[in-house]
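The values are calculated or read from the model by the stated rules, or taken from the named source; none is laboratory data. Predicted model, so just to flag it, every value in this text is computed and none were measured. Here the Cβ positions follow ideal geometry from the backbone for every residue, glycine too, while neighbour counts run over all protein chains shown. In case anyone asks, the SASA skips ligands and DNA or RNA and just uses the protein heavy atoms, side chains included. Shrake-Rupley method; radii C 1.70, N 1.55, O 1.52, S 1.80 Å.
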Amino acid sequence: MASILQNRTFDDRIQLMTYRLMNEVGILKRGSDYRDMAQIALDQGNPGEAQAAMEQAFAKNLYTEQRDKESNQRLLDTAKKKALDDRASLARNEKEAATAPSGDALVQIGGAYLGYGQPDKALAAINAGISKGKLKYPDEAYMLLGIAYGRAKNNGEAIKAFNKATVDPKYARLAKLWALEARS
């Protein structure tokens, strides 16, 4: 996984998916990694995940210098504010996403539900988005679906979803690692 992160030619979506896996398997250890994960999640419109990442970092006391504490506290405060606003509009956004011509918005809504620890709602939204089709990032959709199944304790379906992330070789490589985690 480290090789994926070190090769900066990958996009933020791949990096965020890698951080998610690192967090899942317990090898996300550095405060800077949590900060980067949170920043990417915020940039991609997932403040719930950003908030959760920063709260984990603070709970693990990963920021020891005052300057780091202050700057990362600002990031956490931003994530909390955006998450509060996001949660308030999530149901409305989901209804709007259902009327969109592609399934991308529904997949992103599903990602938001994952960030808030609601895998059942995530499964419904992501499956609806995949069914709708015309996805800009189909591999990401299947990866999020696999994560949602895993968090809903359905590892068999998680593995099936990860195995469908095959369009982009970078995602396919990462999906294999996720599938290994789901098997363990």
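Write down the Kirkwood hydrodynamic radius of the stretch 132-184, to one decimal in angstroms, obtained as one divided by the mean of 1/r over all alpha carbon pairs.
10.6 Å
Of LYS134/LYS170; LYS69/LYS176; LYS153/LYS176; LYS136/LYS170; LYS81/LYS160, which pairs sit farther than 25 Å apart, going by alpha carbon to alpha carbon?
From the list (LYS134/LYS170; LYS69/LYS176; LYS153/LYS176; LYS136/LYS170; LYS81/LYS160), the Cα-Cα distance tops 25 Å for LYS69/LYS176; LYS81/LYS160.
Can you compute 3J(HN,Hα) from phi for each residue in the stretch 68-73, using the Karplus curve 6.51 cos²θ - 1.76 cosθ + 1.60 with θ = phi - 60°, rounded to whole Hz and x for Gly and Pro?
Values, residue by residue: 5, 4, 5, 5, 6, 5 Hz.
Counting other Cβ atoms within 10 Å, which trypsin sites (Lys or Arg not before Pro) in the stretch 72-117 have at most 15 and lie in a DSSP loop?
Sparse-neighbourhood loop trypsin sites (Lys or Arg not before Pro): none present.
Can you tell me which aspartates and glutamates have their Cα less than 12 Å from the Cα of LYS132? Leave out same-chain residues fewer than eight positions away.
Of all the aspartates and glutamates, those that pass the test against LYS132 - Cα under 12 Å, at least 8 places apart if same chain - are ASP104.
Considering only protein heavy atoms, with the full assembly of protein chains and a 1.4 angstrom probe, order THR78, THR99, THR18 by accessible area, largest first.
The ordering from most to least exposed comes out as THR99, THR78, THR18.
How big is the Rg/Rh ratio for the stretch 93-184, C-alpha atoms only, Rh by Kirkwood, two decimals?
My calculation puts Rg/Rh at 0.97.
To the nearest 500 deg cm²/dmol, what mean residue ellipticity at 222 nm is calculated for the chain from DSSP H runs of n ≥ 4 alone, each contributing -39,500 (n - 2.57), summed and divided by the residues? List each step's numbers first, then the result.
Working: 10 runs with 141 residues, N = 184.
Helix contribution divided over all residues of the chain: -25000 deg cm²/dmol.
Which value, in Å³ per residue, describes the convex hull spanned by the Cα atoms of the stretch 1-118?
Dividing the Cα hull volume of the stretch 1-118 by its residue count gives 106 Å³.
Could you work out the percent of alpha carbon pairs in the stretch 114-157 separated by over 18 Å, rounded to a whole number?
In whole percent, the share of Cα-Cα pairs in the stretch 114-157 beyond 18 Å is 21.
Could you rank PHE58, PHE162 by how accessible they are, 1.4 Å probe, largest area first?
Highest to lowest solvent-accessible surface, that is PHE58, PHE162.
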